[in-house]
Amino acid sequence: MAAATIPKGTIQPNHHLRETVESIVVAFILAFLFRAFVAEAFVIPTGSMAPTLMGAHKDLYCNQCGSRYQVGASLEFDSQSGARTGNYVIGSHSSICRAVNPIDFNDANQATFSGDRILVSKFDYVLSKPQRWDVLVFKFPEEARMNYIKRLVGLPGEQILIQEGDIYTRTQSNAPWVIARKPAHKVLAVRQPVADTSHQAAELVKRGFPSLWQPWSEGGKQTPWQVNHSPEAWSANLSADPQTSWLRYYHKDLTPRQWLAVEQGQQLPEVSPTQSQLITDFLAYNSYYAKSLRQQDIREIKVDDLVQQPQSENGVHWVGDLIGEFDVEVESSSGQLCLQVVEFGLEFQVAIDITTGDVQLTAWDASQLERSNLDGFFSGESELVAACKIRGPGRYQVALANVDDQILLWVNGRLVKFNRPAEFDSWSLRDDKQRRPFWLESRPLDAAPIAIGGKDIDMTVHRAQVFRDLYYTAVQRHGYRNYDSTDFGQARSRLRAPDVLGNGTSGMDDDEIIAAVYAKPKLWQTTALFSLRNKNEYTLGEGQYFPLGDNSAQSSDARMWERKFVDEKYLLGKALLVFWPHYWNRPIPFLPDFGRMGLIR
């Protein structure tokens, strides 16, 4: 009898089952290999990298200015089991106007959202070594079963110095410290919002609270700037003027009790338009009010409920590294558009020729009664010049930054390249005793550190924003897991000395003393406060890396660990992208927050 044959195009049942099983097994093997050697997904558990990456948090809109911000809520969950702790975030402050915002527990979009889901490349560090400012994932050296995510700031063989919020490095003990400068795209990735004219607190405007942007010119001469400051809109118009006229930013914060007065309809004290405070490292993410509650006890939260609650220490360090960004409409074919940023009384100015697009960068010691040009301040002998895309009438977005002792300029989102790097060493002009803000009766200097101006030009500023750089605190360790997270840890007892604020510190806590100094420019030259800031040094060996969190004030990182580094063997990979942030609960349930999806910088 002839052997049975299998018709072409058919498969025996047992063969079909075997292929199915084999396919599933191969798929699992490939998925395992991909996860083990190529990429893996992680969920961010805490807020140590906020606001670059979010842990458990609330995503809010300010009731007063309408700005969107996030506030941390990791304390609501046990870090080991993920179970509810009974603690609830019940309120916070916005990043722009600092209004006190109670949580509305009836609003589904004010629920606590889980952390960002990110994709981590395990292959990057097979082909190359980690680079400074990478965001990386690693095994926690003191408990290797836990995964941590931080930003890399120190490399093997380096000595690291944290001082005044910046990172300095060297490889030889007798070599000078060199500031670790962030590349331009990293500067933009980590910048923190301070002020935005598109988000004004309407209630403050109605009550006559002055615009934070005020006209100013040399010698107190009258300026043609006209500022439209209304609850609905903000703009500033400059008519042609043969002398450079400036619009300067004067920083002002309301305290929680002042916001309570606003809520209760009380009259606020009169505020001078040119009254100013120093910009600090305040972070809305850390501004939460928390309370232990049972679910059934949750009720409507009001502002006065929050003001009575203690709040975490937040925003006690002066930040001088700033960015000014402007939406400008040029209405003339010639003239100069000017931008300015000030730190330590040193003034950096960009002048853009509207006709040609030519750019010139100059630096001045503006703290002198007679402004002295800082010849040779930037390395090299030639002038710092560039060309940009601004040509005649049109709408432009311009931004000027002084971050990590470098000046950066963007026009329409593109970095403008000068003929040589605009880098400098501020220590060459400001020694230890002069590492402070400057102010003169005739010039606000660090009291109004961001400005936009013009000469022989007609233009309108439609939007003005101020950002700050990250501030890395020099923390003090007082035993295992017990830290003072500020630069003033060693000097708490000195804050009440007469040479800090005077003799009027009775009844004031540390934060109130610091805030009082920051709000009194006349004290800046004589106060001892700025000399009390701590600094930390660390030494790395071969194969050792030094990671820090972007949320420096609330990050468990190499500064706090007993071993002040991560061994190379514990590195898992480089964080690539946020592929799934939280979803919204309304108006369309489970709608992802697409705006936060993207590459991690």
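The values are calculated or read from the model by the stated rules, or taken from the named source; none is laboratory data. Since the model is a prediction, treat every value here as computed from it, not as a measurement. No Cβ is skipped: glycine too gets one built from the backbone with ideal geometry, and neighbour counts run over all protein chains shown. Ligands, DNA and RNA are excluded from the accessible area calculation, which covers all protein heavy atoms including side chains. Shrake-Rupley method; radii C 1.70, N 1.55, O 1.52, S 1.80 Å.
Summary table
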{"item": "Strands (runs of 3 or more DSSP E) (entirely within the stretch 486-598) containing at least 2 residues that are open to solvent by 70 Å² or more (accessible area, probe 1.4 Å) and in contact (Cβ under 8 Å) with a residue 12 or more places away in the chain", "result": "536-539, 571-580"}
{"item": "Extreme residue, farthest from TRP259 (Cα to Cα), among residues of the stretch 179-197 that are open to solvent by less than 40 Å² (accessible area, probe 1.4 Å) and either without any contact (Cβ under 8 Å) to a residue 12 or more places away in the chain or assigned to a loop (DSSP other than H, G, I, E, B) (or both)", "result": "ALA180"}
{"item": "Test: residue in the stretch 514-522 that is among the β-branched types (Val, Ile, Thr), over 29 Å from ALA195 (Cβ atoms) and modelled with pLDDT of 95 or more", "result": "no"}
{"item": "Answer from GLN214, GLN200, GLN222, GLN243 - the residue that is in a loop (DSSP other than H, G, I, E, B) and buried (at least 20 other Cβ atoms within 10 Å of the Cβ)", "result": "GLN200"}
{"item": "Total residues in the stretch 138-178, condition more than 28 Å from HIS317 (Cα to Cα), in a strand (DSSP E or B) and open to solvent by less than 30 Å² (accessible area, probe 1.4 Å)", "result": "1"}
{"item": "Those residues of the stretch 345-369 which are open to solvent by 10 Å² or more (accessible area, probe 1.4 Å) and part of a loop (DSSP other than H, G, I, E, B), in sequence order", "result": "THR355, THR356, SER367, GLN368, LEU369"}
{"item": "Options VAL126, VAL120: the member that is in a strand (DSSP E or B), over 19 Å from the mean Cα position of the chain (by Cα) and not charged (D, E, K, R)", "result": "VAL120"}
{"item": "Qualifying residue in the stretch 413-431 (condition: in contact with a helix residue (DSSP H, G or I) (Cβ under 7 Å, 6 or more places away or on another chain) and hydrophobic (A, V, I, L, M, F, W, C))", "result": "yes"}
{"item": "Residue match in the stretch 403-410 (condition: open to solvent by less than 30 Å² (accessible area, probe 1.4 Å), over 17 Å from ARG468 (Cα atoms) and part of a strand (DSSP E or B))", "result": "no"}
{"item": "Filtered residue count, the stretch 101-137, keeping only those that are open to solvent by 20 Å² or more (accessible area, probe 1.4 Å), over 30 Å from LEU306 (Cα atoms) and at pLDDT below 95", "result": "10"}
{"item": "Failed condition for LEU415, given (1) at pLDDT 95 or above; (2) surrounded by fewer than 19 Cβ atoms within 10 Å (Cβ to Cβ); (3) farther than 23 Å from VAL190 by Cα", "result": "(3)"}
{"item": "Subset of the stretch 102-124 (residues that are under 23 Å from PRO256 (Cβ atoms) and of a type in the set (A, V, I, L, M))", "result": "ILE103"}
{"item": "Qualifying positions in the stretch 441-456 - among the basic types (Lys, Arg) and outside any strand (DSSP E or B)", "result": "ARG443"}
{"item": "Residue selected from the stretch 61-92 under the condition part of a strand (DSSP E or B) and open to solvent by less than 10 Å² (accessible area, probe 1.4 Å), by the criterion nearest to LEU599 (Cα to Cα)", "result": "TYR69"}
